[in-house]
1. For region C:478-496, state whether one or more residues are over 22 Å from the mean Cα position of the chain (by Cα), more than 14 Å from every other protein chain (Cβ to nearest Cβ) and closer than 19 Å to C:P369 by Cβ.
2. Working carefully through the options A:L27, A:L57, A:L111, find the one that is of a type outside the set (F, W, Y) and farther than 30 Å from C:K452 by Cβ.
3. Find the helices (runs of 4 or more DSSP H) located wholly in region A:225-317 whose residues include 1 or more that are within 18 Å of the chain's Cα centre (by Cα), and list them.
4. Could we say that B:N59 is surrounded by fewer than 22 Cβ atoms within 10 Å (Cβ to Cβ) and under 15 Å from B:M222 (Cα atoms) here?
5. Out of (1) surrounded by fewer than 21 Cβ atoms within 10 Å (Cβ to Cβ); (2) farther than 30 Å from C:S293 by Cβ, what's the single condition that is false for C:Y228?
6. Quick one: is A:R270 free of Cβ contacts under 8 Å to residues at least 40 places away in the same chain and of a type in the set (D, E, K, R)?
7. Report the residue count in region C:75-91 for those that are more than 9 Å from chain A (Cβ to nearest Cβ) and assigned to a loop (DSSP other than H, G, I, E, B).
8. Got a sec? Which helices (runs of 4 or more DSSP H) wholly within region B:1-111 have at least 3 residues that are modelled with pLDDT under 85 and aliphatic (A, V, I, L, M)?
Amino acid sequence: MGKYICKRLLWMIVIVLGTAFIIFTILYFTPGDPARVIAGGNATAADVENMRHIMGLDRSYWVQLRDFLYHSFLKLDLGNSWVYNKPVMAELLIRLPRTFIIGLSAMALNLTAGLLMGIFAATHEGRWQDSLTMAIAMVFVSCPDFWVALMMILLFSAKLGWLPAYGIGGPQYYIMPIICSALGGIAVNARQTRASMLGVFREDYITTARAKGQRERYVVTKHMFPNALMPIITSIGSGFARIVAGSAVIESVFSVPGIGLYLLTAINSRDYPVVRACVLFFAIFTAVVMLLVDLVYAFVDPRIKAKYSSVRRRTKK
Amino acid sequence: MMMQKRDLQKTSLLTETFQRIWDNAGARAGVILLAVIVLACLGAPAIAPYGLNDMDIQNMFRGPSLKHICGTDAMGRDLFSRLLYGGRYSLALGFCAAVFGASVGIVIGCVAGYCGGRIETIIMRFLDIWSSLPSMLLCILISATLGAGFFNTVLALAVGNVPNGARLIRGQILSEVSKEYLEAAESINCSKLSIMFRHLLPNVISPLIVDATMGIGMTITMAAALSYIGLGVQPPTPEWGAMLADARTHILNYPYLIMFPGLVIALTVLAINLIGDGLRDAMDPKLRK
Amino acid sequence: MRKNRLRPGIRRAAALALAAGMTIMTSACGLGGSGETGAGTTAASTITTTEAATMAAPTADANRKTTASGERYDKISIGMISDPKDLSPISLGGSNSQLYIFYSIYEPLFDYRDNNYEPILAKGYKEIDDTHWQVELYDYIYDSEGNHITADDVVYSFEIFVASGRALKFDSFESIKKIDDYTVEFTWTGPINSIGALEWPWCRTCIISKEAFDKGNFSDTPVGTGPYKVTEFVPGAHVIMEANDAYWQKEELRDPEHLANVQTVQYDVISETSQHVIALSTGQIQYSEYVPSENIRDFQTGGKYSENCDTYITQGSALYVMMANNAESAITTDENLRKAIYYALDNDAIAMAAGSCLPAHAFGTPFFPDYDEAWESQEGNYMGASNLELAKQYLEQSGYQGETIRLLGVSEEVMKNMMTMSQALLLQAGINVEIIAEEEALQQTDMQDPTKWELLITKAGGGNQIGEWNRPANYNEFGTGYNMAFIHDEELQRQLLLCKSLAGHTAANMGTMHQYMLDNAYYYAICAPQMNATFHKDFATLIYRENEFLRPGACEYYLD
């Protein structure tokens, strides 16, 4: 098991390096001159050239790439934001909690609501409860989240005045962003849970358990649910990664200064150090989440644990 | 005699799938809804009461009325007509991006799954890097790089769909690869390419079709989000997401400008998801009742 | 078995229909509210030129107690649209949010008012000769942390500003040196004979203490000599300033724009304009310039939020200008085509589409004292009124064969609406236009490339009318020998420099230059955005720096 974890961590390093290389190259070839943006609309060509030199943008591609990789990975210094003039790492750490609060709470909401809805629908399969629950889930997943956000602001802030429309501060500022982020995930989790529970319904061991005379609730919780858990875990993992990554739009609507908004403003103002740092952060974060998901797999399903622990060579004919 | 003839009648996978979808009431509703939307958008020149860009300056920001079913926007253009024309762009964006992404994914997944060994490892690691970048971010970055415009947006949206499809196909292939019919095909000297695309592919494609169908819905939403942020198509293209973005500042006084485009997006995605669900039920033998 | 298969299907479809119905009903609920405002009201509030010019700033009611009595108002919150990002004095970019805050916490040597230099940190200036001027400082200047400001600090402030690469328009500035502890001498590159030449060196360079700058982190916690000091800066969220009780200047000499009549000022970053309206109506902020034009009505007498708020609308100094590409390769080098385009456009329609803008009738805006209404009736003025017939005539005379003309602009709402309207108007005349709306960074780069556009819409501004003309017209502005419209016209340049000079800045010269630009169909002014200030009724007066940026400390407030 330990060997497996080590192997995955090594691969993670390779992936992060690859991502760094790709993002640097994409940014290098993006049209739009950062020096011009930083120098401002009133700058002359000479001013812009001066600025390019100060920012180090007039060096060759390989020199800049080497510089970037060296500073990021060997000195662990992500540089200063060209627009904020402050270390990117410090700003990331300040903004992280805000994005995470929304992400984790949305995830928790996802899980509880989604699982409950899914189990409810699965145990009442074919009846009206099933159809209604799944219909509601459908509607949730079909609405664009920023549209729901705007509708909620209109209703709860403008018309009713119950919740603040923007910013950060106390817990009431986070209520609407969390609900909007969670909606799509609730639906996906509900449908996923229902599908995998139904898949398990028909397995022989369930019939055996029922034949043995066990109570239905025992059958559901002890036999069905753990076996149905696998795809659910996958969707939890990918859902969490998706929420944090998709936070840009929600944060933009609610003016929450988190990592998503940081990245969005950085792209618009061609603040490359920030873009690179944010993308690297997301890449590492997604990789870690995937690793955790795989580890939870191993924890839940002993067969998979065995697979990880054994040394398998794939033979190819 | 007649009975025997009927029994021996060939039913292709396609007809059988359609039959099953049609029997499923939810999917049936989805098909009808989507058909209505698509036909309305295709028939926009005939149905739309006003032209796409007809401006009536004296009647800016009118609410829904008999003259303008959905009201008018900031420049006096009829919202209903723009929604109809806009459907073409949004649907085309979603469809093209999903199909393009799926096709590239199929090719990569097939190569990876069938060739195996080193090629497979390299491809899978590359896909790992690709998918470690969240698709929304990748979309935004590529859109900012390529600039606005229809084809650039299709490309940006398609990029996010590829790793998923590739992984799916490869997973399916891995579980098929030991089956006998492949060994049989190899033994009669079929070329690798031929085996990949003529024998293997039809058997593994069903989950991908379901995934791609769901992907259309997600792509339409992402296209709307891109336009909301300011990337995406050029004005005055009436893409649904762009219409949402333009209406953002007017949400307090003219909320109908936000409601109708959002509603239409939601209904379209709903219909597509219903069809996707029906497809999955139809193609998956285990879920047959 | 068939019975079972039908029932769940029908139930499912019914549930679906229910869900769809619920969605539609909730939309209808929202619609009900807009029904009243939607019908019957005309669109954006475009007020006439005379109204805007004569709307007076609010004056204090003499019967009520105000901060003029010496007491301070407690706290106000102001809404900003974007994050100031960096508060360091050498990071001055074009960001409005920065300009709001900077000049409350920092002070320059002089303030720029009505083309004059008002001494602030300086006592005055002395011209030794044409290129050497001496400036004497007050000897008791201290910043908010008690650091003494001397000539060394002034020299240092200039040096770091120039070294940062953001010291723009420093063409006249050659060097600065210390004469004694409280006197510095400026060396200019040539005699100072154009208006506003010293605006950037003297009025935009923030003077700070060398010691404080080296020790501290001015991007987060700036230390300046101004009437306020920053106590909290959360990037992306807000900036909080407190009155600087240790302000250095004596009470009787203190400049009336550098007061601190309110104890705490908070600037909130709110990126959605509709949320400014909500914030104002709930009292979360008390001043905003970003209320959308259709909501202004709600804050005026009779509107639903007018109980606590009022509005102050003025003509802004900015101007949206369209110009055609005059580079050799472009088809718009044809003067007839340019005139056809300009005559086909209708400023009233475009201004309405833009919302909250005043249509221009000449190449300029009445905001500036050196704008002359006589220009509107000059011969060949295509900005006066749209003339489709004339446009078609010019089009026939030109060699236009139906090619697509690319119109470049920034991808923000007002600009996009203007471009869409222009496209429709030009289509009426038979000219095909393709809109290219790019985000700011990309647009600034593409603007400099003559192969990327045929028509450009840009937002011009400046300290005065000739300053506003300078940027599009001056062929030295970009260092390429061509001006913004890729024109290299010696006569235009000669007239521009003449009007910029102190002696030549006369109505006659400017009128001649305007006529010249009309004859050659170089520029087309579209409209000038209004400044809509919505404020809480506790504001007794509104005081602005350079007529554009609110100075919260200098305003008077009601204390009862």
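The values are calculated or read from the model by the stated rules, or taken from the named source; none is laboratory data. Nothing here was measured: the structure is a model prediction, and the numbers come from that model. As a convention, Cβ positions derive from the backbone with ideal geometry for all residues, glycine included, and neighbour counts pool all protein chains shown.
1. Checking region C:478-496: at least one residue is over 22 Å from the mean Cα position of the chain (by Cα), more than 14 Å from every other protein chain (Cβ to nearest Cβ) and closer than 19 Å to C:P369 by Cβ.
2. From the options A:L27, A:L57, A:L111, the qualifying one is A:L111.
3. Of the helices (runs of 4 or more DSSP H) lying wholly inside region A:225-317, those with at least 1 residues that are within 18 Å of the chain's Cα centre (by Cα) span A:225-245, A:247-254, A:259-268, A:272-300.
4. no
5. With (1) surrounded by fewer than 21 Cβ atoms within 10 Å (Cβ to Cβ); (2) farther than 30 Å from C:S293 by Cβ applied to C:Y228, the lone miss is (1).
6. no
7. 3
8. Of the helices (runs of 4 or more DSSP H) lying wholly inside region B:1-111, those with at least 3 residues that are modelled with pLDDT under 85 and aliphatic (A, V, I, L, M) span B:13-23.
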